[in-house]
1. Just the residues that are buried (at least 16 other Cβ atoms within 10 Å of the Cβ) and without any contact (Cβ under 8 Å) to a residue 40 or more places away in the chain, please, taken from the stretch 20-52.
2. Across the stretch 61-76, what is the total count of residues that are touching a residue at least 40 places away in the same chain (Cβ under 8 Å) and either part of a strand (DSSP E or B) or touching a helix residue (DSSP H, G or I) at 6+ places or on another chain (Cβ under 9 Å) (or both)?
3. Note down all Cβ pairs under 6 Å where the first residue falls in the stretch 122-150 and is farther than 17 Å from Arg106 by Cβ, the second is of a type in the set (Lys, Arg) and part of a loop (DSSP other than H, G, I, E, B), and they're at least six residues apart or on different chains.
4. Which one of the conditions (1) modelled with pLDDT under 95; (2) surrounded by 15 or more Cβ atoms within 10 Å (Cβ to Cβ); (3) within 16 Å of the chain's Cα centre (by Cα) does Arg106 fail to meet, given that it meets all the rest?
5. How many residues does the stretch 112-146 hold that are out of contact with any His (no Cβ under 8 Å at 6 or more places or on another chain) and surrounded by 16 or more Cβ atoms within 10 Å (Cβ to Cβ)?
6. Name, by its number, the condition in (1) of a type in the set (A, V, I, L, M); (2) touching a residue at least 40 places away in the same chain (Cβ under 8 Å); (3) part of a loop (DSSP other than H, G, I, E, B) that does not hold for Leu79.
7. If you check Gly63, Gly57, Gly47, which single one turns out to be modelled with pLDDT under 95, in the same structural domain as Phe36 (by TED's automatic domain parsing), in contact with a strand residue (DSSP E or B) (Cβ under 7 Å, 6 or more places away or on another chain) and on the phi > 0 side of the Ramachandran plot?
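The values are calculated or read from the model by the stated rules, or taken from the named source; none is laboratory data. Being a predicted model, the structure only gives us computed values, none of them experimental. Note that we place each Cβ from the backbone using ideal geometry, even for glycine, and neighbour counts take in every protein chain shown.
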Amino acid sequence: MATRFDLTLDCADAPLLADFWKTALGYVDAPPPAPFATREEWLASFGPLPGDGDGAGDSADDGAWLCDPAGVGPRLSILKVPEPKTAKNRLHIDVRVPGHGAPQERWARIESEADRLVRAGGTILDEFDGHHILMADPEGNEFCVAAATG
């Protein structure tokens, strides 16, 4: 049996990135873990969090928890951190579009999805014609738009 996993993105503005990734992935806000009624209640259960006094991680506005409404994809946590992004991601998300049809049809779907994500706040960084488009979310986290394989 495979192990379930979640992905976590560090950020400066959790609500901004949550809105982008909900649009990009079709995800929704994840409910708080049982038995808590709200994220605030859940966060309070940890007591004061250790930190450097910058306030990062102290409130529900400092994080966002997203999930696939169908329960298939990994959950995505988006957490505010005090330090800025300084280098290329070592792990990135691939946003997949349907992969069937002729190469030109697949490429048109990839371009269309990239255009949709630009309107949502993403940026195109590079295009690998016929294969994938390298993009960045509103805080510069790299991801790719490519055709689904299999």
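1. Pro32, Arg39, Trp42, Leu43, listed by residue number.
2. Selection size over the stretch 61-76: 9.
3. Every condition considered, the pairs that remain are Gly140/Lys85.
4. Among (1) modelled with pLDDT under 95; (2) surrounded by 15 or more Cβ atoms within 10 Å (Cβ to Cβ); (3) within 16 Å of the chain's Cα centre (by Cα), the lone unmet condition for Arg106 is (3).
5. 14
6. With respect to (1) of a type in the set (A, V, I, L, M); (2) touching a residue at least 40 places away in the same chain (Cβ under 8 Å); (3) part of a loop (DSSP other than H, G, I, E, B), Leu79 is out only on (3).
7. Being modelled with pLDDT under 95, in the same structural domain as Phe36 (by TED's automatic domain parsing), in contact with a strand residue (DSSP E or B) (Cβ under 7 Å, 6 or more places away or on another chain) and on the phi > 0 side of the Ramachandran plot holds for just one of Gly63, Gly57, Gly47, which is Gly57.
The rows are residues; the columns are (1) outside any strand (DSSP E or B); (2) of a type outside the set (S, T, N, Q); (3) in contact with a Lys or Arg (Cβ under 9 Å, 6 or more places away or on another chain); (4) more than 14 Å from Leu25 (Cα to Cα).
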residue	(1), (2), (3), (4)
Glu105	yes, yes, no, yes
Glu127	no, yes, no, yes
Gly130	yes, yes, yes, yes
Glu139	yes, yes, yes, yes
Phe143	no, yes, no, no
